[in-house]
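Read the structure below first, then the notes.
Any read-out appearing in this document is the output of simple, stated calculations on the displayed coordinates, not a laboratory observation. A quick note: this is a predicted structure, and the numbers were derived from the prediction, not measured. When we count neighbours, we look across all protein chains shown, and the Cβ atoms used for this are built from the backbone with ideal geometry, even at glycine.
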Amino acid sequence: MYLKNITFNNFKNLSGTSNLSDGINILVSPNGTGKTNFLEGMYYLTFGNSFRNGLEVNNASWDSRGDYFTLKGEIDDKDEGVQVEMRYENSNGPGKKRFLVNEVGRKRDTFRGYISPVIFAPQTVDLVSGSPDGRRKAVNDVLSILDPDYSRLLNEYRSVVRNRNKILSNLQNNIGMESELTYWNEALIKLGGDIVFGRLKFFRGNAKIILERAKDLFNGEIKGLKINYATKFLEDKKITRKKIISNFEQKIRNNIRKEILAGVTLYGPHREDYDFLLEKMSLKESGSRGQQRLASFIFVLSLLDELDKKDRSVVLLLDDVMSELDKSHRKNIEKLLSSISTQMVITSAEEANFTKGFLNKSTRIKNFLED
């Protein structure tokens, strides 16, 4: 299963249709012409959200005053073609997104089920060096792609936190009764515990893959790479949902006065963070920009292995992946990408970033960006 084409209508500076192969697709265009916008459109069409932060109204071109944009594509599903479409409208009140499959409306979670996007872009380095909010968003997006149930849990958890915060704020101002928190505490602990459990399982299961990818790609330059998930609800290496929920419950019970004084929910997966470690040193604090970039790229590639285990169709989106790399590293990446049996789209400002052999086995995307 792969995305045969994509049509942009009023999406940033893009318009028209581009056809895609089921293998390696390359888009070469000068900086500032919309290459990242192209990948963002593909990510939107397959995931329903952007990998960038910002208001969705800003994705519509200035010509429409931000009123709307649409993205359409055809998915090759063996002998059948599936038409997918995402529409954004902002003309009447708050902006709304609609998702359609073969012209029938779908919820976002079912719309996502066809192709899973995996992205490496300049913003991906935020996985390593960005703010805690940025890293949480990146991990939540990844886990939502890997497991649709995680996305549901996350949405329910966010709703619980919002409602609980309202009560805590009221209690801070001596309005209402503490007993109003009982239901929301139970929901927070159950949903939050499941989210923490899912994150820990992912990070610990992903550890071996990350080490193997680092060795294959970078000849031992990136040694001892691991991810440390800093949770307050598990103090030993044995992961059990029951233990996490029990510790979460105790944390809430022991700190309820503190939360009332603050007027917000202070504990839970919405407050937790993780760190990339290289030989036990924080890459965020001590790593070079090059090491941070390589670590985030290795992490992205490890997701392909996770999705392959689930027999999921994937489109790998690589934005300017060859920049800042020397000839030896580019050759290693070309060799790796050539061995992967999945659809991919790679952008670059210069054709010289690729070898002739790699270009010969790739499909050039029709470049309408400069028309």
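Remark: the stretch 277-292, residue by residue, has Karplus-estimated 3J(HN,Hα) of 10, 10, 6, 6, 9, 5, 5, 5, 7, 10, x, 6, 4, x, 5, 5 Hz, where x stands for each Gly or Pro and the curve is 6.51 cos²θ - 1.76 cosθ + 1.60 at θ = phi - 60°.
Please compute one quarter of the surface area of the Cα convex hull for the stretch 125-309 and express it in square nanometres.
So the Cα hull casts an average projection of 11.0 nm².
Across the stretch 310-323, computed HN-Hα scalar couplings (Karplus, 6.51 cos²θ - 1.76 cosθ + 1.60, θ = phi - 60°) run 8, 6, 9, 6, 10, 10, 9, 10, 10, 9, 6, 5, 7, 5 Hz from first to last residue, x flagging Gly and Pro. Rounded to the nearest 10 degrees, the inclination of helix 181-218 to the longest alpha-carbon principal axis of the chain is 40 degrees.
3J(HN,Hα) along the stretch 250-261, derived from phi through the Karplus expression 6.51 cos²θ - 1.76 cosθ + 1.60 where θ = phi - 60°, amounts to 5, 4, 5, 4, 6, 10, 5, 5, 4, 5, 5, 4 Hz, with x in place of Gly and Pro.
Can you pick out the pairs among Lys107/Lys137; Lys72/Lys335; Lys72/Lys284; Lys137/Lys251 whose Cα atoms lie more than 27 Å from each other?
Those over the limit are Lys72/Lys335; Lys72/Lys284.
Taking amide H positions as modeled 1.01 Å from N, with prolines and chain starts lacking one, the residues under 5 Å from Tyr274 and 5 or more places away or on another chain are Ala230.
Taking amide H as placed 1.01 Å from N in the peptide plane, Ser116 has its amide H under 5 Å from the amide H of Ser313, Val314, Val315, each at least 5 places away in sequence or on another chain. Working from the Cα coordinates of the stretch 237-302, the gyration tensor eigenvalues give, after taking √(5λ), semi-axes of 33, 17, 10 Å in decreasing order. In a reduced charge model with +1 at each Lys and Arg Cβ and -1 at each Asp and Glu Cβ, the stretch 125-309 shows a dipole moment near 340 debye about its Cα centre. Separation of the alpha carbons by more than 28 angstrom is noted, of Lys331/Lys366; Lys4/Lys208; Lys35/Lys215, for Lys4/Lys208; Lys35/Lys215. Based on Cα contacts under 8 Å between residues 6+ apart, the stretch 144-208 shows a relative contact order of 38 percent.
Once the Cα atoms are used to define both axes, helix 148-172 deviates from the longest principal axis of the chain by about 40 degrees. For the stretch 286-302 and the stretch 182-203, what is the separation of their Cα centres, given in Å? With the stretch 286-302 and the stretch 182-203 each reduced to a Cα centre, they are spaced 29 Å. For the chain, the longest principal axis of the C-alpha atoms and the axis of helix 132-146 are separated by about 70°. In this calculation the C-beta distance from Ser338 to Arg204 is compared with R0 = 30 Å, giving a FRET efficiency of 0.50. Each Cα pair under 8 Å and six or more residues apart adds its separation to the average, and for the stretch 125-309 the resulting relative contact order is 31 percent.
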